[in-house]
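Structure first, commentary second.
The values are calculated or read from the model by the stated rules, or taken from the named source; none is laboratory data. All of these numbers come straight from a predicted model, not from anything done at the bench. For neighbour counting, all protein chains shown are included, and Cβ atoms are generated from backbone atoms with ideal geometry for every residue, glycine included.
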Amino acid sequence: MKRRIKVGIPRALSYYTFYPLWRVFLEKLGVEVIVSKNTNRKILEDGIKETVNDACIPIKVFQGHVLDLIDRVDYIFVPRMVSADGKATFCPKFLGLPDMVRYSGVSLPPLIDARYNIKGLPGGLFRFFRTVALAIGVKNPLKQAYAAFSAVIKQKKYQRLLLYGLKPVEAFEVISGSKNLPASKIKKFNPALDPTGRSRVALLGYPYAIYDPFISAGVFKNLKKLGVEVVTFEQIPLREMRRYSRVLPQNFFWYYSNQVCWAGLYLLNRKNIDGIIHVTAFGCGPDAMVDKTLELEAKTAGVPFLSLTIDEHTGQGGVQTRLEAFVDMLWAKRQKYRAG
Ligand code: SF4
(Lines give C-alpha, C1' and ligand atoms only; values in the text may rest on other atoms or scores of the structure.)
Protein backbone atom coordinates (compact mmCIF):
# COMPACT_ATOMS: atom_id res chain seq x y z
CA MET A 1 0.00 0.00 0.00
CA LYS A 2 1.24 3.47 -0.89
CA ARG A 3 2.47 5.39 2.16
CA ARG A 4 0.50 8.57 2.82
CA ILE A 5 2.40 11.88 2.77
CA LYS A 6 2.82 13.28 6.26
CA VAL A 7 2.47 17.01 6.80
CA GLY A 8 3.34 18.57 10.17
CA ILE A 9 1.39 21.49 11.57
CA PRO A 10 3.12 23.42 14.38
CA ARG A 11 0.78 23.92 17.35
CA ALA A 12 1.41 27.65 17.52
CA LEU A 13 0.51 31.05 16.00
CA SER A 14 -2.13 30.62 13.25
CA TYR A 15 -2.94 27.11 14.51
CA TYR A 16 -5.33 28.56 17.11
CA THR A 17 -7.34 30.43 14.46
CA PHE A 18 -7.10 28.29 11.33
CA TYR A 19 -6.32 24.72 12.33
CA PRO A 20 -9.64 23.21 11.07
CA LEU A 21 -9.13 24.93 7.71
CA TRP A 22 -5.60 23.58 7.32
CA ARG A 23 -6.32 20.12 8.67
CA VAL A 24 -9.51 19.33 6.76
CA PHE A 25 -8.03 20.57 3.48
CA LEU A 26 -4.91 18.45 3.84
CA GLU A 27 -6.83 15.37 4.97
CA LYS A 28 -9.25 15.59 2.05
CA LEU A 29 -6.20 15.56 -0.24
CA GLY A 30 -5.25 12.25 1.33
CA VAL A 31 -2.49 13.59 3.59
CA GLU A 32 -1.75 12.40 7.12
CA VAL A 33 -1.64 15.44 9.39
CA ILE A 34 0.71 15.39 12.38
CA VAL A 35 0.42 18.17 14.95
CA SER A 36 3.37 19.01 17.18
CA LYS A 37 3.11 18.25 20.91
CA ASN A 38 1.59 20.63 23.44
CA THR A 39 4.01 23.43 24.29
CA ASN A 40 6.40 22.41 27.05
CA ARG A 41 9.73 23.58 28.49
CA LYS A 42 11.76 21.62 25.93
CA ILE A 43 9.86 23.05 22.97
CA LEU A 44 10.39 26.56 24.33
CA GLU A 45 14.11 26.01 25.01
CA ASP A 46 14.71 24.44 21.58
CA GLY A 47 12.91 27.38 20.00
CA ILE A 48 14.95 29.93 21.97
CA LYS A 49 18.21 28.34 20.74
CA GLU A 50 17.22 28.70 17.08
CA THR A 51 15.56 32.12 17.15
CA VAL A 52 16.95 35.63 17.31
CA ASN A 53 17.12 37.00 20.84
CA ASP A 54 14.67 39.81 20.48
CA ALA A 55 11.84 37.69 19.02
CA CYS A 56 8.65 37.50 21.10
CA ILE A 57 7.82 34.29 22.97
CA PRO A 58 5.14 33.12 20.46
CA ILE A 59 7.75 33.17 17.68
CA LYS A 60 10.30 31.30 19.80
CA VAL A 61 7.67 28.73 20.68
CA PHE A 62 6.71 28.37 17.02
CA GLN A 63 10.31 27.53 16.14
CA GLY A 64 10.34 24.93 18.93
CA HIS A 65 7.20 23.32 17.46
CA VAL A 66 8.84 23.15 14.04
CA LEU A 67 11.81 21.32 15.60
CA ASP A 68 9.43 18.95 17.35
CA LEU A 69 8.12 17.85 13.94
CA ILE A 70 11.26 17.55 11.80
CA ASP A 71 11.94 13.83 12.18
CA ARG A 72 8.31 12.78 11.89
CA VAL A 73 7.00 14.40 8.70
CA ASP A 74 7.64 14.87 4.96
CA TYR A 75 6.62 18.54 4.90
CA ILE A 76 6.04 21.26 7.48
CA PHE A 77 3.15 23.64 7.02
CA VAL A 78 4.33 27.23 7.56
CA PRO A 79 2.01 29.46 5.50
CA ARG A 80 3.04 33.04 4.89
CA MET A 81 0.15 34.80 6.63
CA VAL A 82 -0.38 38.15 4.91
CA SER A 83 -4.03 39.09 5.29
CA ALA A 84 -7.26 37.37 6.29
CA ASP A 85 -9.63 40.19 5.40
CA GLY A 86 -7.92 42.12 2.61
CA LYS A 87 -7.54 45.16 4.88
CA ALA A 88 -5.22 44.62 7.83
CA THR A 89 -2.11 42.46 7.58
CA PHE A 90 -0.65 40.04 10.06
CA CYS A 91 2.30 41.30 12.10
CA PRO A 92 5.65 41.45 10.21
CA LYS A 93 6.87 38.38 12.10
CA PHE A 94 4.06 36.35 10.52
CA LEU A 95 4.95 37.71 7.11
CA GLY A 96 8.55 36.62 7.42
CA LEU A 97 7.89 33.41 9.32
CA PRO A 98 8.75 30.90 6.54
CA ASP A 99 12.07 32.71 5.93
CA MET A 100 12.84 32.90 9.63
CA VAL A 101 12.24 29.15 9.96
CA ARG A 102 14.04 28.22 6.72
CA TYR A 103 17.21 30.16 7.57
CA SER A 104 17.37 29.12 11.22
CA GLY A 105 20.33 26.90 10.38
CA VAL A 106 18.56 23.62 11.10
CA SER A 107 18.12 20.99 8.39
CA LEU A 108 14.38 20.83 7.73
CA PRO A 109 11.92 18.90 5.55
CA PRO A 110 10.47 21.09 2.75
CA LEU A 111 8.21 23.87 4.00
CA ILE A 112 4.74 24.50 2.57
CA ASP A 113 4.85 28.27 2.65
CA ALA A 114 1.87 29.25 0.46
CA ARG A 115 0.88 32.88 0.76
CA TYR A 116 -2.38 33.39 2.66
CA ASN A 117 -3.63 36.69 1.32
CA ILE A 118 -7.38 36.66 1.17
CA LYS A 119 -8.37 39.80 -0.67
CA GLY A 120 -11.30 38.63 -2.71
CA LEU A 121 -13.18 35.58 -1.50
CA PRO A 122 -13.40 32.91 -2.77
CA GLY A 123 -10.70 33.49 -5.42
CA GLY A 124 -7.95 34.41 -2.95
CA LEU A 125 -8.65 31.46 -0.71
CA PHE A 126 -8.75 29.05 -3.62
CA ARG A 127 -5.39 30.34 -4.93
CA PHE A 128 -3.92 29.61 -1.50
CA PHE A 129 -5.33 26.10 -1.42
CA ARG A 130 -4.18 25.41 -4.97
CA THR A 131 -0.61 26.38 -4.07
CA VAL A 132 -0.69 24.08 -1.04
CA ALA A 133 -2.08 21.18 -3.10
CA LEU A 134 0.53 21.61 -5.83
CA ALA A 135 3.31 21.73 -3.22
CA ILE A 136 2.46 18.17 -2.21
CA GLY A 137 1.81 17.01 -5.78
CA VAL A 138 -2.01 16.96 -5.90
CA LYS A 139 -2.88 18.40 -9.33
CA ASN A 140 -6.51 17.33 -9.76
CA PRO A 141 -8.60 20.57 -9.63
CA LEU A 142 -11.79 18.73 -8.62
CA LYS A 143 -10.03 17.13 -5.69
CA GLN A 144 -8.60 20.51 -4.71
CA ALA A 145 -12.03 22.20 -4.93
CA TYR A 146 -13.75 19.48 -2.91
CA ALA A 147 -11.06 19.64 -0.20
CA ALA A 148 -11.28 23.44 -0.10
CA PHE A 149 -15.06 23.40 0.18
CA SER A 150 -15.01 20.85 3.01
CA ALA A 151 -12.34 22.83 4.84
CA VAL A 152 -14.29 26.08 4.66
CA ILE A 153 -17.42 24.41 6.06
CA LYS A 154 -15.48 23.00 9.04
CA GLN A 155 -13.77 26.32 9.64
CA LYS A 156 -17.14 28.10 9.79
CA LYS A 157 -18.41 25.53 12.26
CA TYR A 158 -15.27 26.05 14.36
CA GLN A 159 -15.82 29.81 14.44
CA ARG A 160 -19.42 29.27 15.58
CA LEU A 161 -18.23 27.07 18.42
CA LEU A 162 -15.80 29.76 19.55
CA LEU A 163 -18.69 32.24 19.53
CA TYR A 164 -20.49 29.87 21.90
CA GLY A 165 -17.60 30.22 24.32
CA LEU A 166 -15.69 27.01 23.60
CA LYS A 167 -11.93 27.24 23.78
CA PRO A 168 -10.06 26.15 20.60
CA VAL A 169 -9.07 22.76 22.00
CA GLU A 170 -12.68 21.99 22.97
CA ALA A 171 -13.92 23.17 19.57
CA PHE A 172 -11.33 20.99 17.76
CA GLU A 173 -12.59 17.97 19.70
CA VAL A 174 -16.19 18.71 18.80
CA ILE A 175 -15.59 19.16 15.08
CA SER A 176 -13.39 16.08 14.88
CA GLY A 177 -16.22 14.12 16.48
CA SER A 178 -14.14 12.95 19.44
CA LYS A 179 -16.37 14.85 21.85
CA ASN A 180 -20.04 15.85 21.94
CA LEU A 181 -20.93 19.45 22.47
CA PRO A 182 -22.39 19.66 25.99
CA ALA A 183 -25.76 21.46 25.94
CA SER A 184 -24.57 23.67 28.81
CA LYS A 185 -21.89 25.06 26.51
CA ILE A 186 -24.32 26.22 23.83
CA LYS A 187 -24.89 29.75 24.97
CA LYS A 188 -23.81 32.88 23.27
CA PHE A 189 -22.12 35.60 25.24
CA ASN A 190 -24.82 37.44 27.20
CA PRO A 191 -24.11 41.11 27.75
CA ALA A 192 -26.24 41.23 30.93
CA LEU A 193 -24.05 40.95 34.04
CA ASP A 194 -23.94 37.50 35.56
CA PRO A 195 -26.84 37.24 38.03
CA THR A 196 -24.85 34.93 40.28
CA GLY A 197 -22.65 37.86 41.16
CA ARG A 198 -19.47 36.43 39.62
CA SER A 199 -17.00 38.96 38.29
CA ARG A 200 -16.74 39.08 34.51
CA VAL A 201 -13.38 39.81 32.98
CA ALA A 202 -12.44 40.46 29.37
CA LEU A 203 -9.34 38.40 28.65
CA LEU A 204 -7.86 40.10 25.62
CA GLY A 205 -4.81 39.06 23.67
CA TYR A 206 -3.68 37.16 20.62
CA PRO A 207 -5.18 33.64 20.44
CA TYR A 208 -1.73 31.98 20.31
CA ALA A 209 -0.78 33.70 23.55
CA ILE A 210 -3.90 33.28 25.63
CA TYR A 211 -4.95 29.78 24.48
CA ASP A 212 -1.54 28.18 24.85
CA PRO A 213 -1.54 27.28 28.57
CA PHE A 214 2.26 27.17 28.66
CA ILE A 215 2.76 30.62 27.15
CA SER A 216 -0.01 32.25 29.20
CA ALA A 217 1.09 30.44 32.38
CA GLY A 218 -2.39 28.92 32.75
CA VAL A 219 -4.30 32.18 32.85
CA PHE A 220 -7.65 30.52 31.98
CA LYS A 221 -7.26 27.85 34.62
CA ASN A 222 -6.34 30.42 37.24
CA LEU A 223 -9.30 32.65 36.45
CA LYS A 224 -11.62 29.67 36.54
CA LYS A 225 -10.27 28.71 39.97
CA LEU A 226 -10.96 32.26 41.12
CA GLY A 227 -14.59 31.90 39.99
CA VAL A 228 -14.37 34.57 37.31
CA GLU A 229 -16.39 34.55 34.08
CA VAL A 230 -14.03 35.11 31.15
CA VAL A 231 -14.94 36.72 27.81
CA THR A 232 -12.58 36.66 24.84
CA PHE A 233 -12.81 38.43 21.51
CA GLU A 234 -13.84 35.22 19.74
CA GLN A 235 -17.14 35.36 21.63
CA ILE A 236 -18.17 38.63 20.01
CA PRO A 237 -19.54 38.55 16.44
CA LEU A 238 -17.02 40.17 14.11
CA ARG A 239 -19.58 42.44 12.45
CA GLU A 240 -20.48 43.91 15.86
CA MET A 241 -16.85 44.44 16.88
CA ARG A 242 -16.11 46.00 13.52
CA ARG A 243 -18.39 48.93 14.28
CA TYR A 244 -15.66 50.11 16.63
CA SER A 245 -13.28 50.48 13.73
CA ARG A 246 -15.00 53.84 13.25
CA VAL A 247 -14.45 54.91 16.85
CA LEU A 248 -10.66 54.89 16.72
CA PRO A 249 -9.03 57.81 14.89
CA GLN A 250 -7.10 55.19 13.00
CA ASN A 251 -7.16 51.41 13.04
CA PHE A 252 -4.07 49.33 13.51
CA PHE A 253 -2.30 47.82 10.55
CA TRP A 254 -2.49 44.36 12.08
CA TYR A 255 -5.31 41.85 11.92
CA TYR A 256 -5.26 40.49 15.47
CA SER A 257 -4.45 43.87 17.03
CA ASN A 258 -7.64 45.36 15.57
CA GLN A 259 -9.77 42.52 16.87
CA VAL A 260 -8.32 42.77 20.37
CA CYS A 261 -8.87 46.51 20.44
CA TRP A 262 -12.36 46.48 18.92
CA ALA A 263 -13.42 43.80 21.41
CA GLY A 264 -12.16 45.96 24.29
CA LEU A 265 -14.11 48.97 23.01
CA TYR A 266 -17.22 46.88 22.40
CA LEU A 267 -17.22 45.52 25.94
CA LEU A 268 -16.37 48.84 27.58
CA ASN A 269 -19.15 50.53 25.64
CA ARG A 270 -21.71 48.03 26.90
CA LYS A 271 -20.55 48.48 30.51
CA ASN A 272 -20.82 44.77 31.09
CA ILE A 273 -17.39 43.81 32.33
CA ASP A 274 -15.76 44.32 35.71
CA GLY A 275 -12.22 44.44 34.38
CA ILE A 276 -9.89 43.91 31.44
CA ILE A 277 -6.82 41.70 31.43
CA HIS A 278 -4.58 42.21 28.45
CA VAL A 279 -2.09 39.40 27.85
CA THR A 280 0.84 40.80 25.92
CA ALA A 281 4.15 39.32 24.82
CA PHE A 282 7.35 41.05 25.89
CA GLY A 283 8.98 42.68 22.87
CA CYS A 284 5.77 42.75 20.80
CA GLY A 285 5.78 45.91 18.69
CA PRO A 286 2.04 45.96 17.82
CA ASP A 287 1.11 45.38 21.46
CA ALA A 288 2.98 48.47 22.63
CA MET A 289 0.17 50.44 20.97
CA VAL A 290 -2.71 48.06 21.67
CA ASP A 291 -1.86 47.90 25.37
CA LYS A 292 -1.73 51.67 25.77
CA THR A 293 -4.97 52.16 23.82
CA LEU A 294 -6.81 49.61 25.95
CA GLU A 295 -5.40 51.06 29.16
CA LEU A 296 -6.52 54.59 28.26
CA GLU A 297 -9.97 53.47 27.12
CA ALA A 298 -10.44 51.41 30.29
CA LYS A 299 -9.36 54.36 32.42
CA THR A 300 -11.85 56.66 30.69
CA ALA A 301 -14.60 54.09 31.30
CA GLY A 302 -13.55 53.60 34.95
CA VAL A 303 -12.87 49.90 34.40
CA PRO A 304 -9.84 48.30 36.12
CA PHE A 305 -7.14 47.19 33.70
CA LEU A 306 -4.33 44.68 34.13
CA SER A 307 -1.53 44.30 31.62
CA LEU A 308 0.04 40.86 31.89
CA THR A 309 3.35 40.76 30.05
CA ILE A 310 4.65 37.30 29.29
CA ASP A 311 8.06 36.08 28.23
CA GLU A 312 10.14 32.92 28.60
CA HIS A 313 10.81 33.69 32.28
CA THR A 314 7.16 34.11 33.26
CA GLY A 315 6.22 31.67 36.01
CA GLN A 316 2.86 30.27 37.09
CA GLY A 317 3.30 31.64 40.61
CA GLY A 318 3.81 35.25 39.56
CA VAL A 319 0.83 35.20 37.21
CA GLN A 320 -1.37 33.59 39.82
CA THR A 321 -0.50 36.22 42.43
CA ARG A 322 -1.23 39.09 40.06
CA LEU A 323 -4.54 37.56 38.99
CA GLU A 324 -5.61 36.96 42.59
CA ALA A 325 -4.85 40.56 43.55
CA PHE A 326 -6.71 41.86 40.50
CA VAL A 327 -9.79 39.69 41.09
CA ASP A 328 -9.87 40.65 44.80
CA MET A 329 -9.85 44.26 43.78
CA LEU A 330 -12.71 43.74 41.32
CA TRP A 331 -14.72 41.97 43.97
CA ALA A 332 -14.12 44.75 46.52
CA LYS A 333 -15.11 47.36 43.94
CA ARG A 334 -18.34 45.55 43.18
CA GLN A 335 -19.25 45.22 46.87
CA LYS A 336 -18.57 48.91 47.42
CA TYR A 337 -20.71 49.82 44.41
CA ARG A 338 -23.59 47.71 45.71
CA ALA A 339 -23.31 49.07 49.25
CA GLY A 340 -23.28 52.64 47.90
S1 SF4 B 1 1.95 40.39 17.05
FE2 SF4 B 1 3.45 40.55 18.68
S3 SF4 B 1 3.29 38.61 19.80
FE4 SF4 B 1 2.36 38.30 17.79
S5 SF4 B 1 4.00 37.49 16.52
FE6 SF4 B 1 3.93 39.72 16.21
S7 SF4 B 1 5.45 40.51 17.66
FE8 SF4 B 1 4.96 38.41 18.29
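Filter the range 130-164 for residues that are closer than 17 Å to Pro98 by Cβ and surrounded by 14 or more Cβ atoms within 10 Å (Cβ to Cβ) and give the result. Give the derivation first.
We begin by selecting, within the range 130-164, every residue closer than 17 Å to Pro98 by Cβ; these are 131-132, 134-136.
Result: Thr131, Val132, Ala135, Ile136.
Taking the stated definitions as given, is Lys93 at pLDDT below 90 and either buried (at least 17 other Cβ atoms within 10 Å of the Cβ) or closer than 21 Å to Pro207 by Cα (or both)?
Working: at pLDDT below 90: no; either buried (at least 17 other Cβ atoms within 10 Å of the Cβ) or closer than 21 Å to Pro207 by Cα (or both): yes.
No, not satisfied.
Right, Asn269: under 29 Å from Gln155 (Cα atoms) and in contact (Cβ under 8 Å) with a residue 24 or more places away in the chain or not? Spell out the reasoning first.
Numbers: under 29 Å from Gln155 (Cα atoms): no; in contact (Cβ under 8 Å) with a residue 24 or more places away in the chain: yes.
Judged against the criteria, Asn269 is not a match.
Only one of these is modelled with pLDDT under 95, surrounded by fewer than 17 Cβ atoms within 10 Å (Cβ to Cβ), touching a Lys or Arg at 6+ places or on another chain (Cβ under 7 Å) and of a type in the set (Gly, Ala, Ser): Gly86, Gly105. Name it.
Criteria check complete, one pass: Gly86.
Given (1) crowded, with 21+ Cβ neighbours inside 10 Å; (2) more than 19 Å from the chain's Cα centre (by Cα); (3) of a type outside the set (S, T, N, Q), identify the lone condition not met by Lys60.
Condition (2) is where Lys60 drops out.
Considering only helices (runs of 4 or more DSSP H) fully contained in the range 209-296, which possess at least 1 residues that are crowded, with 16+ Cβ neighbours inside 10 Å and within 16 Å of the ligand (Cβ to nearest atom)?
Values: elements: 219-225, 238-242, 255-269.
Because the criterion is at least 1 residues that are crowded, with 16+ Cβ neighbours inside 10 Å and within 16 Å of the ligand (Cβ to nearest atom), the helices (runs of 4 or more DSSP H) in the range 209-296 that meet it are 219-225, 255-269.
Inspect the range 36-51 for any residue being assigned by TED's automatic domain parsing to the domain that holds Leu166, part of a loop (DSSP other than H, G, I, E, B) and at pLDDT below 95 and give the result as yes or no. Don't jump to the end; show me each part of the working.
Step one: of the range 36-51, the residues assigned by TED's automatic domain parsing to the domain that holds Leu166 are 36-51.
Next, from what is left, pick out any that are part of a loop (DSSP other than H, G, I, E, B): 36-40, 50-51.
Filter once more, so that each one left must be at pLDDT below 95: 50-51.
Taking every residue of the range 36-51 in turn, at least one turns out to be assigned by TED's automatic domain parsing to the domain that holds Leu166, part of a loop (DSSP other than H, G, I, E, B) and at pLDDT below 95.
Confirm whether Ala84 is aliphatic (A, V, I, L, M) and more than 16 Å from the ligand (Cβ to nearest atom).
Numbers: aliphatic (A, V, I, L, M): yes; more than 16 Å from the ligand (Cβ to nearest atom): no.
Taking the combined requirement at face value, the residue does not satisfy it.
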